[in-house]
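These notes are about the structure you will find just below.
The values are calculated or read from the model by the stated rules, or taken from the named source; none is laboratory data. Values in this document were obtained by computation on a predicted structure and should not be read as measured data. Using ideal geometry, Cβ is built from the backbone for each residue, glycine included, and neighbour counts are taken over all protein chains shown. When the accessible area is computed, the model is the full protein with side chains, heavy atoms only, and any ligands, DNA or RNA have been set aside. Shrake-Rupley method; radii C 1.70, N 1.55, O 1.52, S 1.80 Å.
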Amino acid sequence: MSFARLSKSLLRLRALPTPVPRVRVAPRIAPAPLRNFTVSAVRAHNELTPPAPGEELNITFLDKDGTSHTFQVATGDNLLDIAQANDLEMEGACGGSAACSTCHIIVEGDEMYDRIPEPSDDENDMLDLAFGLTETSRLGCQVLMSKDLDGLTVRLPSMTRNLQSSDFSKK
């Protein structure tokens with residue numbers, strides 16, 4: 001077959017109508033109604049809210065040496081963040097998610113301990129692992145400051161389960 005004859009055959013083929021495949025079209029479905037999008041304020045770990053004038057709450061930490069440190073804080077701040085923001089030796093290895101016991105604190109005074117809301121099951125499970133557990137032990141990450149806790153005094157235990165070299169230094 002010559003090139004000219006092949007070209008004419010191809011041109012004839014192009015001229016033929018091409019059958020269009022039949023496609024079934026799905027019925028249109030109405031889009032779901034739009035929902036409002038909301039976000040909460042993001043609060044980073046170890047970020048303290050400055051207390052409003054006249055609404056300061058006082059908390060005192062007794063460190064391993066017995067030295068007293070008093071701070072003025074805002075409602076809603078947790079004890080782990082307060083301690084870390086003020087360079088006290090409280091580790092908080094889990095980042096404040098109640099998954100360790102390194103922020104263990106001991107509340108001074110039964111009356112003040114009774115003002116703190118009951119610990120969750122998760123907190124109680126972690127407290128079982130804390131070094132030097134007492135009847136008034138709590139996890140600092142789970143205790144939020146409130147007006148009821150103004151004047152709270154807590155003691156840091158002499159050691160944690162995550163041992164640090166400073167735990168063995170001579171005092």
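Only a single criterion out of (1) touching a Leu at 6+ places or on another chain (Cβ under 8 Å); (2) among the acidic types (Asp, Glu); (3) without any contact (Cβ under 8 Å) to a residue 24 or more places away in the chain is not satisfied by residue 123, namely (3). For the range 110-145, give me each residue that is assigned to a loop (DSSP other than H, G, I, E, B), under 19 Å from the mean Cα position of the chain (by Cα) and surrounded by 15 or more Cβ atoms within 10 Å (Cβ to Cβ). 119, 143, 145 - these are the residues of the range 110-145 that are assigned to a loop (DSSP other than H, G, I, E, B), under 19 Å from the mean Cα position of the chain (by Cα) and surrounded by 15 or more Cβ atoms within 10 Å (Cβ to Cβ).
Within the range 89-109, if we keep just the residues that are closer than 23 Å to residue 150 by Cα and charged (D, E, K, R), the residue that is most open to solvent (accessible area, probe 1.4 Å) turns out to be 89. Scanning the range 63-88 for residues that are among the small types (Gly, Ala, Ser) and not in a loop (DSSP other than H, G, I, E, B), we see that the one that is surrounded by the fewest Cβ atoms within 10 Å (Cβ to Cβ) is 68. Residue 148 meets all of the listed conditions (1) in a loop (DSSP other than H, G, I, E, B); (2) more than 21 Å from residue 160 (Cβ to Cβ) but one, namely (1).
Residues satisfying the criterion are present in the range 44-55 (criterion: modelled with pLDDT of 90 or more, within 17 Å of residue 148 (Cα to Cα), out of contact with any helix residue (DSSP H, G or I) (no Cβ under 8 Å at 6 or more places or on another chain) and open to solvent by 60 Å² or more (accessible area, probe 1.4 Å)).
Before we move on, is residue 60 modelled with pLDDT of 90 or more and not in a loop (DSSP other than H, G, I, E, B)? Here the answer is yes, as residue 60 does meet what is asked. For residue 24, the test of being loosely packed, with under 10 Cβ neighbours inside 10 Å, modelled with pLDDT under 85 and outside any helix (DSSP H, G or I) is passed. So how many residues does the range 124-138 have that are modelled with pLDDT under 95 and under 30 Å from residue 52 (Cβ atoms)? Number satisfying all stated conditions: 0.
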